[in-house]
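Only one structure is covered here, and it is reproduced in the block below.
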Number of protein chains: 2
Amino acid sequence: MNKTTQIVEGAAVAGAFHIEDVYPAIDGGRFPVKRIVRERVEIWADIYRDGHDIVAAGLIWRRERDHEWRRAPMTHHSNDRWVGAFAPDEVGRHVYAIEAWTDEFATWRRGFELKRESGADIALDAIEGAGLLTKAQAGGHDATAIIIRQCEEYLRTGSAEPLLTEALMDAMTEGQFRPDLTRSQLFPLVADRARARYGAWYEMVPRSQGSTPGHHGTFQDCIARLADIEAMGFDVICLTPIHPIGVTTNRKGANNASTAAEAAPGNSYAIGGAEGGHDAVHPQLGTLEDFREFVAACASHGLEVALDFAAQYSPDHPWLKQHPQWFKRRPDGSMRYAEDPPGQCEDIVNPDFFSDDAGALWNALRDVVLFWIDQGVRIFRVVRPHTSSLRFWEWLIHEVQLRHPDAIFLAQAITRPKLMNGLAKLGFTQSSTYFTSWTQKWELEQYLNDLIRYPERDFHRANFFVNSPDYLPDRLHSGEPWMFKSRVALAATLSSSYGIYDGFELLEQEPIPGSGEYLFSEKYEIKVRDWDRPGNIKPYIGELNRIRRENPALQQTLDVNFLPVDDVNVICFAKESVDRSNMVVAVIALSPEVREFWLPFGETKVTAADGKRRHVTALENLMTGERSPLDWGGIRLHIDPAHDPALLFRCLA
Amino acid sequence: MNKTTQIVEGAAVAGAFHIEDVYPAIDGGRFPVKRIVRERVEIWADIYRDGHDIVAAGLIWRRERDHEWRRAPMTHHSNDRWVGAFAPDEVGRHVYAIEAWTDEFATWRRGFELKRESGADIALDAIEGAGLLTKAQAGGHDATAIIIRQCEEYLRTGSAEPLLTEALMDAMTEGQFRPDLTRSQLFPLVADRARARYGAWYEMVPRSQGSTPGHHGTFQDCIARLADIEAMGFDVICLTPIHPIGVTTNRKGANNASTAAEAAPGNSYAIGGAEGGHDAVHPQLGTLEDFREFVAACASHGLEVALDFAAQYSPDHPWLKQHPQWFKRRPDGSMRYAEDPPGQCEDIVNPDFFSDDAGALWNALRDVVLFWIDQGVRIFRVVRPHTSSLRFWEWLIHEVQLRHPDAIFLAQAITRPKLMNGLAKLGFTQSSTYFTSWTQKWELEQYLNDLIRYPERDFHRANFFVNSPDYLPDRLHSGEPWMFKSRVALAATLSSSYGIYDGFELLEQEPIPGSGEYLFSEKYEIKVRDWDRPGNIKPYIGELNRIRRENPALQQTLDVNFLPVDDVNVICFAKESVDRSNMVVAVIALSPEVREFWLPFGETKVTAADGKRRHVTALENLMTGERSPLDWGGIRLHIDPAHDPALLFRCLA
């Protein structure tokens, strides 16, 4: 290791070099860039200093918790812009920085050779070159040996030739003294596991998984459903809160009624009751042991468990008695309920993230997450994080990921765009999106193009949900099968991460009139469903998820190109896998009419069997296996949404 | 002043608010934004925090050396983007920052009114509102009095009405407690005097201002030329180095010959001899007293003096003996001359800006600048700063401007674009540009568009020189009057700062064959000229400078719009003054042919006498005074470059 590079971190921004316009960097390095482990990270920067000497530059990078820097060279691209790359080989938080220094030996050699060609006296210049050898400080054993040998050779012979060998050039590149070495600030980067980018989510309410009407479902009931969910091809099962519910104070009734029948099970988001709080399970679901059994059963079905994490409390939550200082009270000593005037949520209170005892609250919430990690959970869907402290979430995610780099946090926040981006920046692995409510072709195209541009592409990972416990989008209210298929096909192909909330596959569609909420929502009551109800679209969803698994082009979101189809109700796009081995074209109807149209392919190229890039010559229908050649650089397509609103093709060279 | 805003500087970047995408900011605040004193500075930022409370934000700003912050409100524009403005009223370095906080009282009032409308019980809510009043901490005497009075009124009557008055709202806006106040980092800004943006420069070699062939010119000779230079309408007289010259060691002869006749005066950039160094004047020019007389004479002619500042040394410079540690030596103890292998500058040595005694060198160079400021100079044309340390220049300019905020530094550096931008960023008030060598219409349009885009527009101020002591552009070699006129008209109208180097007005055009250097350059010898030589273009230059003075549109560079003329050798652009009171259109030929063409004006609007924006209806020729109405939204123009290659018009409504 080069000793001169052991500069105190953060102190070197005022060195001889200007290191500017570093890419990627989120808000100048305030927030981390996101990547997937083992993915190549390309770093660009403008690097220059005064004068005309030969400049060298390199990347240094390491895991945030490690001590040893790792290095990668940078090369000059053009116009003082440099590029280098590295690939983090472990999941976790990393930092990187750029170093630049003058290559004094190469500069000397360039000048020496020019001067020698001009016929000038070069005796002094040779001595100066040898002098640089004596200042070399670093480099491995081999480099040092070469430097010493060539220096001795020069002194013995008096000839400059030993100073001009390529071996010495290489040794000095490694070992020379770098008095003007300048290091940029450190830039953070999170290398996540692959699931952070790709996965199909199935969200369900565990107490509604039973089969006897009026009876509270159990973890065992949930286990009984896994084969069916696996058959649909999902990767992640996300459970709404599994904790005891406050039922003695302000229990909510059906459809969020402020008075409830004695038998009403309460709002599952009113977390905490006599039986415990966020680290307990609702006794009617089973025991903690049952939950661990559920986690293990999921794993055996190739499914990973995600839990809702909601930093909200029923008035019965044990913390209200144990830590009253964590909650705000009103002037008469009563609780301050969550409110959205004039509406009230009398069954929920929010903690005060900035009380005098906030440190203990923050630790306790972190310990809740760590508790569920100990039970085998690695994914958390954080509910409405935009209503609590941004600084808290940044701290929590960092704290957890330092211990468990494989932890994934989804921000379930639908709010103003800058605030949603702010949550993604501060550390949420994935974000819910406006997709759920956006249906127009131009909306979808514009939204995707917003998500894939820099810098959003480097910190915001979308997860496209077609519905959620809180939201039944307008377009689903009429219950048309083609529309449910169109929406799930859009979600599953536009975004590498997507999800459905249970009931979608059964085409559940009845809202509270005039609202986007489900009528008789499971949030406030227990449902029992016939999961094989006629008309369900489970086989269709299963086909979509099969196609996603078989086509890496659909396992990423950032490489998407919208193709021009002259129909405002047909959206068409091509996606290509990161390794360029696979290209998929999706053509999806946004309205129910049967139509035929021409899809031009232009100059689109794809990787052929021989590894070369060639024009697309045929399409393979990924549902039917049928192959169709392109003709005149395009293809005539037929969509009957009543049968299938989506055509998915693999492109063949 | 609000006590809660007395946050330690730089410590608040992690507050409750995200304050992002601040405009203007150069490299995230690493370098200062440039403005002219009393000019309005508009600041934009994305500002948001979690939740839905009502947010307030403001600017704080002050001179860097002052202690008291000044404040300006910010208003919400749209989509969490805020804007505010201030106008620095003193020349000098400033800092600004953004503060954001929750307006808890306005949030309370909004909730209170919604709840009251819903018919809910509001007694507790009123107590909470009154509670906010008791926490108010700041605000002036009047606000405090209102807050106390309304609080007492509420307690006396039990009615919430006293809490809802507009006067109380205003008082609380000013005085309420702001527990979540977040301050951004500080951003630097330089407010320069107007000369930093606008001025016509005349650069001359003082020893060539005499009238007797073979005799060294004097400051008295320079004074004798002032009336002529004033008549040409220049604002700044820039002198090449006026210091003693090293003549005993490696003196250069005519055309940079490495051997020189005994009588050769030496290279005026080989600074320092037996008579002194950078703080002395060449004895043949006169005394320091004579120089001060020259400065005073310039002032009486409305001219300001600029001096070349070159951090380079002849081998005879006193510092080489006094401070040998400031200079690098070769292994045999000889001087290391400036070199550009295989070419050598044996009459110049460069200092080592990073020797162990560099601090003393930096101070000595700063003291040289301060010495000339004491003699009445405020403008310095720094020669080839890109070959010395960037960090040194940043330090020097800051050091000088803290003492003399009116000091102006021009970077005379033609090098790679990023390095030129780097010099402008680190503090140079103005920069020389590629204009001198660029002649094509597309080059000029593209270059101007590069200069006026963000962020370049906020740190880079161009000074367009038509020639320089080091550079006689190719296009002038043939000596055609129309070309000299075209080039000076382009410089004088495209850029609010521009300059000529003496001899240009006499159409001097003879290069060293095959080079861009003047043959028999004054750098190495003394010239005597007939300043009224027939064919000179002094009257033409005088007219250009008169038009510049009379038309504020030409006193700024950033508002320029290129108009479409269907001729690759005619460039056309409109410029409008900062206050929109004046619009000038320039049409300039880039080749000698006579031509006629149509200039469309489209929807171009200008401020009419009644202050309204109206379509342009007529043009006033600024050379002839002739007025021509527009017809069919444009005008047919005739250019005869032999007479005048430029048409300059004032636009009339």
Worksheet item: How much of the DSSP beta bridge set in the protein assembly as shown is antiparallel, as a percent to the nearest 5?
Response: 70
Worksheet item: Counting only Cα, what are the radius of gyration and maximum Cα-Cα distance Dmax of segment B:119-230, in Å?
Response: 34.1, 101
Worksheet item: How far, in degrees from 0 to 90, does helix A:288-300 lean away from the longest principal axis of the Cα atoms of chain A, to the nearest 10?
Response: 60
Worksheet item: Hey, what D do you get for segment B:360-407 in µm²/s if you plug the Kirkwood alpha-carbon radius into Stokes-Einstein at 37 °C and 0.692 mPa s?
Response: 296
Worksheet item: Taking a ≥ b ≥ c as the square roots of the eigenvalues of the Cα gyration tensor of the protein assembly as shown, is the shape rounded (a/c under 1.5), prolate (a/b larger than b/c) or oblate?
Response: prolate
Practice prompt. With a 10 Å radius around each residue's Cβ, average the other Cβ atoms per peptide and rank B:140-150, B:628-638, A:167-177, B:181-191, highest first.
Written response: B:181-191, A:167-177, B:140-150, B:628-638
Practice prompt. For A:Glu480 paired with A:Tyr337, estimate the spin-label separation in nm (one decimal), with each label point 7 Å from Cα along the Cα-to-Cβ line.
Written response: 4.1
Fill in: Contact order relative to length of segment A:428-580, as percent, for alpha carbon pairs under 8 angstrom and 6 or more apart
23
Worksheet entry | Ratio of Rg to Rh over segment B:427-530 (Cα coordinates, Kirkwood Rh, two decimals) | 1.00
Discussion item. Need one number: convex hull volume per residue for chain B, Cα atoms only, in Å³.
Written reply: 194
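Which percentage, to the nearest 5, of the DSSP beta bridges contained in segment B:377-462 is antiparallel?
Counting only bridges with both partners in segment B:377-462, antiparallel ones make up about 0 percent.
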Fill in: segment B:562-653 - Rg (one decimal) and Dmax (whole number), Cα, Å
13.0, 41
Worksheet item: Relative to the first principal axis of the alpha-carbon coordinates of chain A, what is the inclination of helix A:441-452, with its axis defined by its Cα atoms, in degrees from 0 to 90 and to the nearest 10?
Response: 40
Discussion item. Given the -39500 (n - 2.57) contribution per DSSP H run of 4+ residues, what per-residue ellipticity at 222 nm results for chain A, rounded to the nearest 500 deg cm²/dmol?
Written reply: -8000 deg cm²/dmol
Discussion item. If I take every Cα pair under 8 Å that is 6 or more residues apart in chain B, average their sequence separation and divide by the length, what percent do I get for the relative contact order?
Written reply: 11
Item to complete: List the lysines whose Cα lies under 18 Å from the Cα of B:Lys538, skipping any in the same chain that are fewer than 8 positions away.
Response: B:Lys485
Worksheet item: So in chain B, what percent of DSSP beta bridges are antiparallel if you round to the nearest 5?
Response: 70
Worksheet item: From the Cα gyration tensor of segment A:90-159, with a ≥ b ≥ c the square roots of its eigenvalues, which class applies: rounded if a/c is under 1.5, or else prolate if a/b is larger than b/c, or else oblate?
Response: oblate
Item to complete: Rounded to whole Hz and in sequence order, give me ³J(HN,Hα) for segment A:351-363 from the Karplus expression 6.51 cos²θ - 1.76 cosθ + 1.60, θ = phi - 60°, writing x for Gly and Pro.
Response: x, 9, 6, 10, 5, 5, 9, 4, x, 5, 4, 4, 4
Response to the item:
Per 5 angstrom bin, beginning at 0 and ending with the bin that holds the maximum distance, the Cα pairs of segment A:242-288 fall in percents of 5, 26, 31, 21, 13, 4, 0
Fill in: Pairwise label distance in nanometres, B:Ala608 with B:Ala85, each label 7 Å out on the Cα-Cβ vector
2.4
Practice prompt. Give the shape of segment B:312-432 as rounded, prolate or oblate, defined through the alpha-carbon gyration tensor: a ≥ b ≥ c are the square roots of its eigenvalues, a/c under 1.5 means rounded, and otherwise the shape is prolate if a/b is larger than b/c and oblate if not.
Written response: oblate
Fill in: Computed E for B:Ile127/B:Glu620 - FRET, C-beta separation, R0 51 angstrom, nearest 0.05
0.10
Worksheet entry | Flagged links, alpha-carbon separation over 32 Å, of B:Lys425/B:Lys523; B:Lys328/B:Lys527; B:Lys34/B:Lys252; A:Lys321/B:Lys135; A:Lys612/B:Lys418; A:Lys321/A:Lys523 | B:Lys328/B:Lys527; B:Lys34/B:Lys252; A:Lys612/B:Lys418
Item to complete: Evaluate 2.2 N^0.38 Å with N set to the residue count of segment A:421-484, then give the Cα radius of gyration divided by it.
Response: 1.26
Practice prompt. Beta carbons within 10 angstrom, averaged per residue: use that to sort the peptides A:639-648, B:523-532, highest first.
Written response: A:639-648, B:523-532
Item to complete: Report, ordered by chain and residue number, the lysines lying within cross-link reach of B:Lys605, taken as a straight Cα distance under 24 Å and ignoring same-chain residues fewer than 8 apart.
Response: B:Lys575
Worksheet item: Ranked from highest to lowest mean number of other Cβ atoms within 10 Å per residue, what is the order of the peptides A:435-441, A:237-243?
Response: A:237-243, A:435-441
Worksheet item: What is the average number of partner chain Cβ atoms found within 10 Å of a Cβ in B:49-59?
Response: 3
Worksheet item: So how many Å³ per residue does the convex hull of the Cα atoms of segment A:495-603 work out to?
Response: 161
Response to the item:
Averaged over residues of A:239-249, the number of beta carbons from other chains lying within 10 Å of each residue's Cβ is 0
Practice prompt. Using only Cα atoms, tell me the angle between helix A:538-550 and the longest principal axis of chain A; keep it within 0 to 90° and round to the nearest 10.
Written response: 10
Worksheet item: If you take the charge dipole of chain A about its Cα centre, with +1 on Lys and Arg Cβ and -1 on Asp and Glu Cβ, which of A:Val466, A:Ala492, A:Gln220 is farthest toward its positive end?
Response: A:Gln220
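Would you tell me the mean number of C-beta atoms belonging to other protein chains that fall within 10 Å of each C-beta in A:413-419, as a whole number?
The per-residue average across the peptide is 4.
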Discussion item. Using a 7 Å offset from the Cα along the Cα-to-Cβ direction at both B:Thr134 and B:Leu370, what is the distance between the two label points in nm, to one decimal?
Written reply: 5.7
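No value in this document is a laboratory result; all are computed from the given coordinates. Note that the coordinates shown come from a computational prediction; the quantities given were computed from them, not determined experimentally. So basically every Cβ, Gly included, is an ideal-geometry build from the backbone, and we count neighbours across all protein chains shown.
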